[in-house]
Structure formats: C-alpha cells, structure tokens
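See below for the structure under consideration.
Computed from the coordinates by the stated procedures, all read-outs in this text should not be read as laboratory data. Since the structure is predicted, the reported quantities are computational estimates derived from the model, not experimental observations. Cβ placement follows ideal geometry from the backbone for every residue including glycine, while neighbour counts extend to all protein chains displayed.
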Amino acid sequence: MQHLISITLILLSALATTAVNADPAEEVKATDQRRVTALLTADSETLDQLLAPELRYTHANGMVDSKASYMASFIGRKVIHKQVTTDDVEVIAYGPVAVATGSSHVVVEYKGRDLDLNIRFTSVYRKQGNRWQLVAWQSTPVKEL
C-alpha cells in the first residue's frame, strides 16, 4: 500500500511540474480546440467556461456579439456549426495574454441555410488562474482572386 502511495505522489509531482512548465502556445491551441469541439457538439456549458465575460466576437460579416448575445444565439441554435477545421494556427503569448492567428473552413447553418466560409482569424486569449479564456475574435472572409 505504501508503495502505491509513493508511486501516486511521484506521478502527481510529475504532472504538477508539467503543468507549471507548460507551453502557453500549446495551452491556447488546446483551449481553442476545446472551443471548436464545444461548437460542434452544442456543448454550451463548456463554451460558457471558455469565453471571457467581456468577450467581443466579430463575425466575418462585421456583426459583433458580446458573450451574452453569442451564447444566446448558440443556445437558441440560431447558428449551428456543422464543420470547423483550422489550419496555420500560430500563437504568440505575452505573459497571461496570447494572440492566435490562422485560417478556418467553417460550415454553419444560419436561418435555415448552409453557409460555407473560408476565413482568416485573429483571436485573443487571457489566462486567469489556471485557464485560458477567449476575450476577442475577429474573422475576415477569404475570397479567391
């Protein structure tokens, strides 16, 4: 029994060390993937935890949502995310703030019709305590030339 307790303490110590030395860029990428998964699975509880209270979410069409209006639209299924893939994601952390940029292909149902969008995005995350939250999102449609 004492051997099991010793092994458990060693594992917990290793996990704590890993958490302290975690790469902020990788943490933000993982948090953003959790956000995308929450969108695709209609998981409003997880999404609510990942969005900062002061969120400003600027859509590719220029519409801006607060956290309250974004969550209301999400919960009310005004916008249904059917597919979200991200590429070229780069994250630069500045202490407890990180800026992510990348591209996404998004398919959503909006007002009964499917929209197929290719966008570039910039997002800002802030770390409070031990978790990252999305503070700002700005997306721009990508048009073929």
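Side notes on the structure shown:
- Relative to the globular-protein estimate of 2.2 N^0.38 Å, the Cα radius of gyration of the stretch 23-141 stands at 0.99.
- Fewest-first ordering of Asp87, Asp114, Asp65 by other beta carbons within 10 Å of each residue's beta carbon gives Asp87, Asp114, Asp65.
- Listed residue pairs exceeding 22 Å between alpha carbons, taken from Lys29/Lys82; Lys29/Lys67; Lys78/Lys143; Lys82/Lys127; Lys29/Lys143; Lys29/Lys127: Lys78/Lys143; Lys82/Lys127; Lys29/Lys143
- Radius 14 Å from Cβ of Glu90, net charge of other residues (Lys, Arg +1; Asp, Glu -1): -3
- Between Asp87 and Gln33, the simple label model (points 7 Å from Cα in the Cβ direction) yields a spacing of 1.8 nm.
- Charged neighbours of Val106, selected by a Cβ distance under 13 Å, balance to -1 (K, R count +1; D, E count -1).
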